[in-house]
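Novice: Please read through the structure below; I'll follow up with questions.
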Amino acid sequence: SRKIVIKVGSNTLADKQGHINRAFLSEFAEQVAGLLQKGKQIVLVSSGARIAGISTIGKWERKRDIHYKQALCAVGQVELMEAWRKAFEPHQIHIGQLLLTADDFSNDIRTLHMRNTLFTLVDEGVVPIINENDSVCVDEIKIGDNDNLAALSAILWSADLLILFSDIDGVYTKNPKEHQDAELIEMVQDLSALKASISVGSTNSFGTGGIATKLEAAEKVLSYGIPMILAHGGKNRVLESLQRGEQRGTAFI
Ligand code: ADP
């Protein structure tokens with residue numbers, strides 16, 4: 001695949017204290033740089049604004065207050081992009097920020113402009129980094145999770161592959177964090193059969209999506225013929241090993 005959308009989840013980007021994992025970001029950027037050199041085109045979807053906001057401001061209070069959440073995202077988005085910028089800098093790769101909302105995908109003119117911007121950035125060798133514009137979004141008009149946002153972005157850009165990086169090795173028969181006997185499913189060819197056969201446990205404190213939104217993302221992209229891979233983002237240079245064709249995580253085809 002030549003055009004790849006890669007989504008990195010909050011749990012992959014940040015440690016348990018909510019600090020951005022800069023070592024991860026630089027190793028990841030190095031792998032992306034390698035792919036670009038091989039002629040691949042990459043669009044990133046990055047979560048983590050709220051976590052970064054929390055660790056920057058240093059407190060959790062009023063965390064249910066919507067405006068406080070939005071303010072945290074406004075602060076954290078800057079930290080997040082600064083961390084990505086620094087990660088790509090040694091490779092002389094520029095990044096571009098696209099903050100999107102559900103509206104952007106439902107208004108044809110905005111969608112067209114967005115699409116053109118995305119193509120232009122990629123043509124210029126810039127790595128676009130997409131996130132939901134949480135500071136202007138209230139729940140009612142939200143895409144709500146970056147798994148679905150990544151799927152919409154992959155469709156918008158006509159990607160060849162969507163990769164979701166999370167903190168688990170793929171889809172399991174049940175939540176692997178709660179059940180030791182959970183089994184990894186390596187290949188999904190029938191999404192509805194999968195949904196009926198697995199149990200979708202609770203997610204952890206920072207993640208908003210959990211496995212359910214990852215399956216929604218798969219459904220969206222598969223309906224456009226785009227395959228999806230769900231894999232662990234933080235393990236031994238996963239991007240490179242996927243590129244070599246090694247089996248990692250769950251493939252939805
Ligand atoms: P991210 O921030 O990467 O999007 P999430 O926390 O939103 O991550 O979603 C991943 C989590 O979903 C895993 O850490 C896991 O605990 C949970 N989960 C629940 N059910 C399952 C399942 N059947 N297979 C895999 N993961 C599951």
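Novice: Using packing as a proxy for protection, rank 173-182, 83-92 so that the peptide with the highest average count of other Cβ atoms within 10 Å comes first.
Specialist: Numbers: 173-182: 13.7, 83-92: 16.8.
Ranking, from highest mean packing down: 83-92, 173-182.
Novice: Quick check on my link table: of Lys142/Lys177; Lys16/Lys195; Lys40/Lys86; Lys38/Lys177; Lys38/Lys235, which ones sit more than 25 Å apart, alpha carbon to alpha carbon? Show your work: numbers first, answer last.
Specialist: Values: Lys142/Lys177 28 Å; Lys16/Lys195 29 Å; Lys40/Lys86 21 Å; Lys38/Lys177 36 Å; Lys38/Lys235 22 Å.
Pairs exceeding the cut-off: Lys142/Lys177; Lys16/Lys195; Lys38/Lys177.
Novice: Can you work out ³J(HN,Hα) from phi for every residue in the stretch 29-43, in order, using Karplus 6.51 cos²θ - 1.76 cosθ + 1.60 and θ = phi - 60°, giving whole Hz and x for Gly and Pro?
Specialist: 4, 4, 5, 4, 4, x, 5, 4, 5, 7, x, 6, 10, 10, 10
Novice: Across the stretch 131-137, in residue order, what do the Karplus-derived ³J(HN,Hα) couplings come to in whole Hz, using 6.51 cos²θ - 1.76 cosθ + 1.60 with θ = phi - 60° and x for Gly and Pro?
Specialist: For the stretch 131-137, the Karplus-derived couplings read 8, 6, 7, 4, 6, 10, 9 Hz, x marking Gly and Pro.
Novice: Going by how many other Cβ atoms sit within 10 Å of their own, how do Phe119, Phe105 line up, fewest first?
Specialist: Working: Phe119 15, Phe105 18.
Result, fewest neighbours first: Phe119, Phe105.
Novice: Once you order the gyration tensor axes a ≥ b ≥ c over the Cα atoms, which shape class does the stretch 30-122 get: rounded for a/c under 1.5, otherwise prolate or oblate by comparing a/b with b/c?
Specialist: Details: a/c = 3.30, a/b = 1.32, b/c = 2.50.
The shape class here is oblate.
Novice: Ordered by residue, what ³J(HN,Hα) values in Hz, to whole numbers, does the stretch 107-122 give under the Karplus form 6.51 cos²θ - 1.76 cosθ + 1.60, where θ = phi - 60° and Gly and Pro are x?
Specialist: For the stretch 107-122, the Karplus-derived couplings read 9, 4, 5, 5, 4, 4, 5, 4, 4, 5, 4, 4, 4, 5, 4, 5 Hz, x marking Gly and Pro.
Novice: Then there is this: Suppose every K and R has +1 on its Cβ and every D and E has -1 on its Cβ; what is the size of the dipole of the chain about the Cα centre, in Debye to the nearest 20?
Specialist: With only Lys, Arg, Asp and Glu charged at Cβ, the dipole is about 320 debye.
Novice: Moving to a separate point now. Arranged from highest to lowest average of other beta-carbon atoms within 10 Å per residue, in what order do the peptides 6-13, 65-72 appear? Could you put the intermediate results ahead of the total?
Specialist: On the way: 6-13: 26.0, 65-72: 15.8.
The densest-packed peptide leads the list: 6-13, 65-72.
Novice: What is the stretch 76-155 by shape, rounded, prolate or oblate, if you read a ≥ b ≥ c off the alpha carbon gyration tensor as root eigenvalues and call it rounded for a/c under 1.5, prolate for a/b larger than b/c, and oblate otherwise? If you can, show how the numbers build up before the last one.
Specialist: Working: a/c = 2.47, a/b = 1.38, b/c = 1.79.
Note, shape of the stretch 76-155 comes out oblate.
Novice: Which aspartates and glutamates have a Cα less than 17 Å from the Cα of Lys69, not counting those fewer than 8 places away in the same chain?
Specialist: Partners found: Glu61, Glu79, Glu132, Asp134, Asp139, Glu140, Asp145.
Novice: Right, another one. For the chain, with a Gaussian network of springs between Cα atoms less than 10 Å apart, report the residue from Ser166, Ser46, Ser158 with the top mean-square fluctuation.
Specialist: Among Ser166, Ser46, Ser158, the largest GNM mean-square fluctuation belongs to Ser158.
Novice: Only Lys, Arg, Asp and Glu count, each charged at its Cβ (+1, +1, -1, -1), so figure out the dipole size of the stretch 1-90 about its Cα centre, rounded to 20 debye.
Specialist: Details: 15 positive and 8 negative charges, 68 e Å.
Around 320 debye, computed over the stretch 1-90.
Where a number appears in this text, it was derived from the coordinates with a stated rule and is not lab data. Nothing here was measured: the structure is a model prediction, and the numbers come from that model. Note that each Cβ is placed from the backbone with ideal geometry, even for glycine, and that neighbours are counted across all protein chains shown.
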